[in-house]
1. Among the numbered criteria (1) under 13 Å from the mean Cα position of the chain (by Cα); (2) closer than 18 Å to Ala58 by Cβ, which single criterion is violated by Ile32?
2. Need the failing condition index for Leu10 against (1) over 20 Å from Ile108 (Cα atoms); (2) in contact with a Gly (Cβ under 7 Å, 6 or more places away or on another chain), just the number.
3. Lys60: under 21 Å from Leu13 (Cα atoms), of a type in the set (Lys, Arg) and either in contact with a Pro (Cβ under 7 Å, 6 or more places away or on another chain) or surrounded by fewer than 16 Cβ atoms within 10 Å (Cβ to Cβ) (or both), yes or no?
4. In segment 20-57, which residue that is in contact (Cβ under 8 Å) with a residue 40 or more places away in the chain and under 25 Å from Gly91 (Cβ atoms) is surrounded by the most Cβ atoms within 10 Å (Cβ to Cβ)?
5. Of everything in segment 96-105 that's crowded, with 16+ Cβ neighbours inside 10 Å and not hydrophobic (A, V, I, L, M, F, W, C), which residue is farthest from Gly69 (Cα to Cα)?
6. Quick one: how many residues across segment 75-117 are in contact (Cβ under 8 Å) with a residue 40 or more places away in the chain and over 13 Å from the mean Cα position of the chain (by Cα)?
7. Name the one entry in Glu5, Glu81 that is open to solvent by 80 Å² or more (accessible area, probe 1.4 Å) and out of contact with any strand residue (DSSP E or B) (no Cβ under 7 Å at 6 or more places or on another chain).
8. Which ones in segment 8-19 are more than 14 Å from Gln112 (Cβ to Cβ), open to solvent by less than 40 Å² (accessible area, probe 1.4 Å) and among the hydrophobic types (A, V, I, L, M, F, W, C)?
Amino acid sequence: MTGKESLVNLKYLEEMTGGSKELVKEMIDIFISQVPEFIEEMRELHKKNDWHSLGLLAHKAKSSVAIMGMEEQAARLKMLEQLTKEGKETGQYENYINQFEKNCLRAIEELQLVKNNL
């Protein structure tokens, strides 16, 4: 993936909101406010080795990224969710969290531009 490819695809969000620019902006704002909370909580749960709660949070975050059309990231969160349920590959969880943070911070930049152009 090049740095120029868009991480977000708002087709689903636009369909879901009936094309309402105000609702799209509101959903973008919610996503932008949730991401730092998700990242912080994921890091805390990882530190505590609380795999069950990390899996639940991955599930919740998966819904948020899916609404923004971030299908690859949603699939990664689903994988993290499944791994935590089974307590498998615990050494990889931090990589999933780091990738989530990197992708979501880039998505926020894209979404702010989109929002400014609505």
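The values are calculated or read from the model by the stated rules, or taken from the named source; none is laboratory data. Just so we're clear, the structure is a prediction, and the values are computed from it rather than from any experiment. So basically every Cβ, Gly included, is an ideal-geometry build from the backbone, and we count neighbours across all protein chains shown. In case anyone asks, the SASA skips ligands and DNA or RNA and just uses the protein heavy atoms, side chains included. Shrake-Rupley method; radii C 1.70, N 1.55, O 1.52, S 1.80 Å.
1. That leaves (2) as the condition not met.
2. For Leu10, the exception is condition (1).
3. Numbers: under 21 Å from Leu13 (Cα atoms): yes; of a type in the set (Lys, Arg): yes; either in contact with a Pro (Cβ under 7 Å, 6 or more places away or on another chain) or surrounded by fewer than 16 Cβ atoms within 10 Å (Cβ to Cβ) (or both): yes.
For Lys60, the condition - under 21 Å from Leu13 (Cα atoms), of a type in the set (Lys, Arg) and either in contact with a Pro (Cβ under 7 Å, 6 or more places away or on another chain) or surrounded by fewer than 16 Cβ atoms within 10 Å (Cβ to Cβ) (or both) - is met.
4. Looking at the filtered set, the residue picked out is Met42.
5. Top of the filtered list is Tyr96.
6. Count: 7.
7. Details: Glu81 fails: open to solvent by 80 Å² or more (accessible area, probe 1.4 Å).
Testing whether each residue is open to solvent by 80 Å² or more (accessible area, probe 1.4 Å) and out of contact with any strand residue (DSSP E or B) (no Cβ under 7 Å at 6 or more places or on another chain) leaves just Glu5.
8. If we filter segment 8-19 for residues that are more than 14 Å from Gln112 (Cβ to Cβ), which is where we start, we get 9, 11-19.
Cutting the leftovers down to open to solvent by less than 40 Å² (accessible area, probe 1.4 Å) gives us 13, 17.
Result: Leu13, single match.
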